[in-house]
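These notes concern the structure reproduced below.
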Amino acid sequence: SGAATAGSPRRDFISVTLGPEEAAGVGGYNNSKAWRRRSCSRKWKQLSRLQRSVILFLFAFLAVCGVISYTSMGETWKSITNKSWDDQRTEQEIPRLKLANPAVLPAPQKADANHGDYPELSLQKPPKPPHVRRGPSNLQIKAPRRDTRLKTRHETMRAVEELVEADKVEKTEKSIISWRGAVIEPDQSTEPPSSKIMELEKPSPVEPEDQKEPVPINERQLAVIEAFRHAWKGYKDFAWGHDELKPLSKSYSEWFGLGLTLIDALDTMWILGLKEEFEEARKWVANDLVFDKNVDVNLFESTIRILGGLLSTYHLSGDSLFLEKAKDIGNRLMPAFKTPSKIPYSDVNIGRGTAHPPRWTSDSTVAEVTSIQLEFRELSRLTGDEKFRKAVDEVMKHVHILSGKNDGLVPMFINTNSGQFTHLGVYTLGARADSYYEYLLKQWIQGGKKENELLEDYMRAIEGVKKHLLQRSEPKKLTFVGELAHGHFSAKMDHLVCFLPGTLALGAHNGLAADHMKLAETLIETCYQMYAQVETGLSPEIVHFNLHAQKGHKDVEIKPADRHNLLRPETVESLFYMYRFTGDKKYQDWGWEILQNFNRYTRVPTGGYTSINNVQNPSNPEPRDKMESFFLGETLKYMFLLFSDDIDLINLDKYIFNTEAHPLPIWVPA
Ligand code: DMJ
């Protein structure tokens, strides 16, 4: 029996009353079997009938319970013994997965990270094979966050990924950007600094995977870094702070006088991890980049290279210097939009605040006025100043309803007074129209796939391409994109058109027609053949395809005036998209061949690379003595990304590349 001792300070205890013999230890202790049996039967007989019945009932009840629990334990045992050793292990070793998949470098940790039920798990994501994530992430099924009844090793791994995903979704803390581990304070992050930010268009949050250490770079990426360093050496030694390097004459050329190559290359240095070079270039931007200059600049070129380059570098580095410079140049370009039609002039004097069309015409180029939108829209989002976005949206709305299109294909010129297309009847996806098509899709993606007019125009245009511009060459039957001039098809294709496979693939990745991907696959093969069928393995600026089989003729013909190569990026750009979306290594191999041929025929020993005049003459490709800024801004950047197996190295569900390869954030992640 038990009782609380009354009167004393409250202390709960149990007292046990023992029989007198046992308590005193008297009477001796006889534990023989016979004594115990006799004693038991004597006690049993002393009990009343009722007491005996109760005891018997209790025994019977306990026996039944015993049988039931034995049966269910047997089932459990059977299932355990049937499982493989691996399966059982995963159930017991969830907390130890971290050790089973050690990171190459420890991922940066957050002090306030919420790691859920398994504290160690969310610190490290198990290595994910490349290309495992297909399609927009909002179409991917996510497991309930805390459901961790794991059955197999495979399920364990998947559940770990899902837990990490779920954790990421729940994180609301401010972005912290790092240079391979070096943290930049949140107040420098790329949240729009203005309080007037457009409510619906918040920046896509930088998720933990953006902060993880990058996958180690491979041999081919190292070769790109080496090429970049070589190009940079030439620029630094002979053209520092000027627009373009002339690597043979060891001097420079000036276009706008704004350090074009340096600005174009900033985010490439960031992505390649060239910290020292980046810091040096940053100093130049801080101390020497001045836009208050009496100089005429081309609106399109300075937008895609300078404004685009500064904005993307701001996003990658979180350094507000670049945003300040972007605002400055953005404001100085605005006078271009003061035209009777609101279709901007081609040229602006950024010091005087005046703008004008080229001397010989009042027309602007269609591609130019419709390929500045990603940059100005982003500038509005970052500054909260709507004027940038309004100006460029107006152009798109105007072009959307303009007559003169042919099944979505646009002419090449538009008049700044009347706002009408001019030179009607000529349709190309090459020079003067190319990036109109590219920016239809990319603006739609940038804005979170809500602006239907952009999508309509894009889809219609691709139908127009299929209907009017696609043909197949002989003998290899390569599908190519020709041109249409007043109803006549021309089998001419600019190298510039090779942006198209990448754009089509990007559209398909974002949920557009699957046949766009098929077309992308056939077109990238053609673009590759534009290199492979040429003596130097480098593409000319323009090719003509043979429509009829002729003995001894290849698919690709090159006219003497078209056989130069300007180190352009479009084919490697598309190879990058194709590899990202398919994982087919042949695209990397093709890009590798191209890099080697650039090294073979365009590399200048004293530093830099040069455009060449004759891709058909391997013994004398006739160097032109100029390294275009897009070689560093685009070509080498896309090469580096192409050779990478890290889909988070500029994740295409989070960033959209402008037409000069400067990544800008997608406002609402897919
Ligand atoms: C770059 O300035 C841009 O890619 C533009 O869209 C086309 N021309 C060059 C590269 O070829």
Among the residues of segment 555-566, is any open to solvent by 10 Å² or more (accessible area, probe 1.4 Å), away from the ligand (no atom under 14 Å from the Cβ) and among the acidic types (Asp, Glu)?
yes
Long-range neighbours under 6 Å by Cβ, at least six apart or interchain, first residue in contact (Cβ under 8 Å) with a residue 40 or more places away in the chain within segment 298-309, second part of a helix (DSSP H, G or I) and open to solvent by 10 Å² or more (accessible area, probe 1.4 Å)
300/368
Pair list, Cβ < 6 Å and 6+ apart or interchain, from segment 415-438 residues that are within 19 Å of residue 372 (Cα to Cα) to residues that are acidic (Asp, Glu):
415/363; 430/494; 431/494
I'm trying to understand the selection: among the residues of segment 225-264, which are in a loop (DSSP other than H, G, I, E, B), open to solvent by less than 10 Å² (accessible area, probe 1.4 Å) and small (Gly, Ala, Ser)?
239, 259
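Would you say residue 644 is of a type outside the set (A, V, I, L, M), in contact (Cβ under 8 Å) with a residue 24 or more places away in the chain and either open to solvent by 50 Å² or more (accessible area, probe 1.4 Å) or not in a strand (DSSP E or B) (or both)?
Working: of a type outside the set (A, V, I, L, M): yes; in contact (Cβ under 8 Å) with a residue 24 or more places away in the chain: yes; either open to solvent by 50 Å² or more (accessible area, probe 1.4 Å) or not in a strand (DSSP E or B) (or both): yes.
Against the criterion (of a type outside the set (A, V, I, L, M), in contact (Cβ under 8 Å) with a residue 24 or more places away in the chain and either open to solvent by 50 Å² or more (accessible area, probe 1.4 Å) or not in a strand (DSSP E or B) (or both)), residue 644 qualifies.
Going by the conditions given, is residue 499 closer than 28 Å to residue 598 by Cβ and in a helix (DSSP H, G or I)?
Working: closer than 28 Å to residue 598 by Cβ: yes; in a helix (DSSP H, G or I): yes.
Yes; evaluated as a whole, the condition is true for this residue.
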Does segment 280-303 contain any residue that is more than 31 Å from the chain's Cα centre (by Cα) and polar (S, T, N, Q)?
yes
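Filter segment 646-670 down to residues that are more than 16 Å from the ligand (Cβ to nearest atom) and more than 12 Å from the chain's Cα centre (by Cα) and give me whichever is modelled with the highest pLDDT.
Initially, segment 646-670 is screened for residues more than 16 Å from the ligand (Cβ to nearest atom), giving 646-655, 665-670.
Keeping just the survivors that are more than 12 Å from the chain's Cα centre (by Cα) gives 667-668.
Numbers: 667: 97, 668: 81.
Checked segment 646-670; the qualifying residue modelled with the highest pLDDT is 667.
For every residue, the table says whether it meets (1) within 16 Å of the ligand (Cβ to nearest atom); (2) under 24 Å from residue 389 (Cα atoms); (3) surrounded by fewer than 22 Cβ atoms within 10 Å (Cβ to Cβ).
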residue: 266; (1), (2), (3): yes, no, no
residue: 274; (1), (2), (3): no, no, yes
residue: 306; (1), (2), (3): yes, yes, no
residue: 324; (1), (2), (3): no, yes, yes
residue: 328; (1), (2), (3): no, yes, yes
residue: 336; (1), (2), (3): no, yes, no
residue: 341; (1), (2), (3): no, yes, yes
residue: 355; (1), (2), (3): no, yes, no
Filter segment 290-304 for residues that are of a type outside the set (S, T, N, Q) and touching a Gly at 6+ places or on another chain (Cβ under 6 Å); the one that is nearest to the ligand (Cβ to nearest atom) is 295
Being away from the ligand (no atom under 14 Å from the Cβ) and open to solvent by 10 Å² or more (accessible area, probe 1.4 Å) is the filter here, so list the residues in segment 494-509 that pass it.
508, 509
Of the residues in segment 570-606, those that are touching a strand residue (DSSP E or B) at 6+ places or on another chain (Cβ under 8 Å), more than 16 Å from the ligand (Cβ to nearest atom) and open to solvent by less than 30 Å² (accessible area, probe 1.4 Å) number 1
Candidate set: segment 450-466, residues that are more than 21 Å from residue 525 (Cβ to Cβ) and of a type in the set (D, E, K, R); chosen: the one surrounded by the most Cβ atoms within 10 Å (Cβ to Cβ):
457
Enumeration of residues in segment 414-449 that are in contact with a Ser or Thr (Cβ under 7 Å, 6 or more places away or on another chain) and surrounded by fewer than 22 Cβ atoms within 10 Å (Cβ to Cβ)
415, 417, 418, 419, 432
Any residue at all in segment 437-451 that is touching a helix residue (DSSP H, G or I) at 6+ places or on another chain (Cβ under 9 Å) and either within 22 Å of residue 361 (Cβ to Cβ) or in a strand (DSSP E or B) (or both)?
no
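Among the residues of segment 308-364, write down those that are closer than 23 Å to residue 418 by Cβ and among the charged types (D, E, K, R).
Step one: of segment 308-364, the residues closer than 23 Å to residue 418 by Cβ are 333-348, 354-364.
Within segment 308-364, 338, 342, 347, 359, 363 meet the criteria.
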Extreme residue, nearest to the ligand (Cβ to nearest atom), among residues of segment 361-378 that are touching a strand residue (DSSP E or B) at 6+ places or on another chain (Cβ under 7 Å) and within 14 Å of residue 663 (Cα to Cα):
374
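May I ask you to verify whether residue 403 is surrounded by 23 or more Cβ atoms within 10 Å (Cβ to Cβ) and closer than 25 Å to residue 360 by Cα? Don't jump to the end; show me each part of the working.
Working: surrounded by 23 or more Cβ atoms within 10 Å (Cβ to Cβ): no; closer than 25 Å to residue 360 by Cα: yes.
So residue 403 does not fit the description; no.
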Between 639, 627, which is within 17 Å of residue 576 (Cα to Cα), within 16 Å of the ligand (Cβ to nearest atom), open to solvent by less than 10 Å² (accessible area, probe 1.4 Å) and touching a residue at least 24 places away in the same chain (Cβ under 8 Å)?
639
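If I filter segment 528-541 for residues that are within 34 Å of the chain's Cα centre (by Cα), within 16 Å of the ligand (Cβ to nearest atom) and closer than 30 Å to residue 666 by Cα, do I get at least one hit? Steps first, answer last, please.
Let us first name the residues in segment 528-541 that are within 34 Å of the chain's Cα centre (by Cα), namely 528-534, 536-541.
From the residues that got through so far, the ones that are within 16 Å of the ligand (Cβ to nearest atom) too are 530-531, 538-541.
If we keep only those that are closer than 30 Å to residue 666 by Cα too, we end up with none.
Within segment 528-541, none of the residues are within 34 Å of the chain's Cα centre (by Cα), within 16 Å of the ligand (Cβ to nearest atom) and closer than 30 Å to residue 666 by Cα.
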State whether one or more residues within segment 625-635 are at pLDDT 95 or above, in contact with a Phe, Trp or Tyr (Cβ under 8 Å, 6 or more places away or on another chain) and among the small types (Gly, Ala, Ser).
no
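The values are calculated or read from the model by the stated rules, or taken from the named source; none is laboratory data. Not measured: the values here are computed from a predicted model. Cβ sites come from the backbone with ideal geometry, for glycine too, and all protein chains shown count toward neighbours. Side chains included, ligands, DNA and RNA excluded: accessible areas come from the protein's heavy atoms. Shrake-Rupley method; radii C 1.70, N 1.55, O 1.52, S 1.80 Å.
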